[in-house]
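The block underneath contains the structure these notes are about, expressed in structure tokens.
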Amino acid sequence: MTARTPPRPPSAADRDLVIEAVDVGMAFGTVRALDSVSLAVPRGSVLALLGHNGAGKTTLVNVLTTALAPTSGRATVAGYDVRHRPAEVRRRIGLTGQYATVDGRISGRDNLLLLARLLGAGRRAARARADELLDLFDLGDVADRPARGYSGGLRRRLDLAASLVGRPDVVFLDEPTTGLDPVSRLGLWEIVEGLVTEGTTVLLTTQYLDEADRLADSVTVLSGGTVVAAGTPAELKARVGRRTVTVVLDGSGSEDPERAAESLHRAGLAPVPGRDGTALVVPIEATRDIAAVVRALDAVGVEATELTFGEPGLEDVYLALAHRPDPPEGPSR
């Protein structure tokens, strides 16, 4: 009988790329929730997965966290294959889902102590880790209250703290700020930024474009289980939109919008009407074109009460690239 060669532990080179998926597919019967999805996340960075409900975000997270085995392709997390070394993957990750999963019957402190003991920590080490996380997440004042009495923001902070009890190399955040008020969302963002500063790698799924813009080093846009765009936020913005100048006219002359538009066209620009009829939106290539807009207005004696310079945002990326097909039936999200 031939001895089985033990699996090779991850090399230093493997560890530089903490999450990697290559042509990952996931099918539920005849429904393909993921189709040839590839991505790569370096250590100490944040990848944001964008996509509407049914795009495949949660299914991909479930594959990468070993809850589901992919039906095709391969994926590694912290250098270990998710299909062949799931236990090694699970030792190195933390997961916060769309809904807080803490035990509401016991206190926040006891939730953390219980998890630490289940992960093998002794009493003293478990208490030290719980105290450390309660301090990090500013939960000290409510640490000994039953978690069921926590607000939504406090429960989400406790849930994220629980995912860090085992000091994971990688944290998966599946729509972590869903349902939170703006102040709680901002607090959670600041915590995530602190984790990344300390070297933690984060994969974040979200439908909040400002969240991705704030936190992500790179963005992958999913639609219908496939990757429709990937890159840094700046790269994606450059792909789908141009800078614009919005000109708000003073409204003193009924012919001003028409005269302004004609002058802008003569200057080689391509204005389009704004929503209320008293503004023009002018796409530009560079900031120097702002001067051309002003000169064109001066040439016909049209006064502007406001000029606003705008960059394309992730909202433009999302609307342009994440087309909304009917979501497939099944557990994909």
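Derivation of every value follows stated rules applied to the coordinates shown; laboratory data play no part. Since the model is a prediction, treat every value here as computed from it, not as a measurement. Methodologically, a virtual Cβ is constructed for each residue, glycine included, from the backbone with ideal geometry; neighbour enumeration extends over all protein chains shown.
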Item checked: Extended-chain gain in nm, criterion 0.36 nm per residue less alpha-carbon gap, residue 303 and residue 239 -> 19.7 nm
Note to self: What are the ³J(HN,Hα) couplings of region 139-145, residue after residue, when phi is run through the Karplus curve with 6.51, -1.76, 1.60 and θ = phi - 60°? Round to Hz, x for glycine and proline.
What the structure shows: 10, x, 5, 10, 4, 9, 8
Notebook entry, point to check: Taking the highest mean first, how do the peptides 127-134, 301-308 order by number of other beta carbon atoms within 10 angstrom per residue?
Noted result: 127-134, 301-308
Note to self: Using 5 Å bins from zero, what percent of all Cα-Cα pairs in region 242-311 falls into each bin?
What the structure shows: 3, 20, 35, 28, 12, 3, 0
Check: If contacts are Cα pairs under 8 angstrom and at least 6 residues apart, what is the relative contact order of the chain in percent?
Finding: 22 percent
Check: Order of 66-74, 20-28 by packing, highest average Cβ count within 10 Å first?
Finding: 20-28, 66-74
Notebook entry, point to check: What spacing in nm lies between the two simple spin-label points modelled at residue 210 and residue 98, each 7 Å away from Cα in the Cβ direction?
Noted result: 2.2 nm
Note to self: Can you give the FRET efficiency to the nearest 0.05 for residue 118 and residue 151, using r as the Cβ-Cβ distance and R₀ = 35 Å?
What the structure shows: 0.85
Margin query: Can you order the peptides 103-111, 281-289 by their average number of other Cβ atoms within 10 Å per residue, highest first?
Written below: 103-111, 281-289
Margin query: Can you compute the FRET efficiency between residue 291 and residue 315 using 1/(1 + (r/R0)^6), with r the Cβ-Cβ distance and R0 = 35 Å? Round to the nearest 0.05.
Written below: 0.80
Next item on the list: Return the percentage of antiparallel bridges among DSSP beta bridges fully within the chain, rounded to the nearest 5 %.
Entry: 65 percent
Next item on the list: Specify the angular offset, from 0 to 90 degrees and rounded to the nearest 10, of the alpha carbon long axis of helix 108-118 from the longest principal axis of the alpha carbons in the chain.
Entry: 50 degrees
Next item on the list: Sum -39500 (n - 2.57) across every DSSP H segment of at least 4 residues in the chain, then divide by the residue count to get the 222 nm mean residue ellipticity, nearest 500.
Entry: -10000 deg cm²/dmol
Note to self: Please arrange 151, 263 by how many other C-beta atoms lie within 10 Å of their C-beta, fewest to most.
What the structure shows: 151, 263
